């Protein structure tokens with residue numbers, strides 16, 4: 001596996017070594033020792049989550065605050081998504097900037113989203129199965145979010161907005177400036 005740090009310090013794209021033959025393929029999707037060495041820190045994932053969504057489903061942009069902050073390792077098992085990570089660490093030189101990457105069942109890339117980031121994704125294929133590891137448990141009282149169409153962030157979600165499928169809860173999220181004051 002190789003890791004490439006994005007323009008956002010601590011946020012990495014991970015690419016596994018895939019072994020293919022006439023039977024199909026094999027790859028190691030996670031190895032704690034290798035992962036920690038590649039990103040240069042100790043992360044202890046304690047929970048795995050999975051979601052199934054249809055084309056246009058936009059989930060996010062979410063984060064956990066304070067002691068409930070979460071680091072995530074995300075990947076697509078089936079389909080294709082555009083994944084977004086936004087640096088919300090006020091002391092960071094890339095505060096308010098984001099990275100986007102297409103995660104697909106074909107490229108098998110993963111994105112490590114460290115604590116101090118908001119995260120979201122939109123499904124670009126007919127359906128997608130999205131998987132993520134978290135290093136902290138979810139706590140409702142610590143949840144936060146940023147509206148997907150924040151004008152300051154100006155995220156290109158790659159689909160026409162009329163095709164978005166967004167939860168009522170996510171449609172009520174504040175702007176970046178309102179959320180991170």
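Comparing mean-square fluctuations of 34, 104, 127 from a GNM of the chain with C-alpha springs under 10 Å, the top value falls on 34. Looking at the range 44-179 alone, DSSP beta bridges between its own residues are antiparallel in about 95 percent of cases. Shown is the FRET efficiency for residue 165 and residue 129, computed with R0 = 25 Å from the Cβ-Cβ distance and rounded to the nearest 0.05: 0.95. GNM on the chain, alpha-carbon springs under 10 angstrom: the most fluctuating residue among 165, 18, 99 is 18. Rounded to the nearest Å, what's the spacing between the alpha carbon centres of the range 1-38 and the range 151-169? Just the number, please. Between the Cα centre of the range 1-38 and that of the range 151-169, the gap is 29 Å. With each label point set 7 Å from Cα along the Cα-Cβ vector, what nm distance links residue 34 and residue 177? Roughly 4.6 nm, to one decimal.
A short reminder: the numbers here are calculations on the coordinates, not readings from a lab. Predicted model only: the values in this text are computed from it and were never measured. Cβ atoms come from the backbone with ideal geometry, glycine included; neighbour counts cover every protein chain shown.
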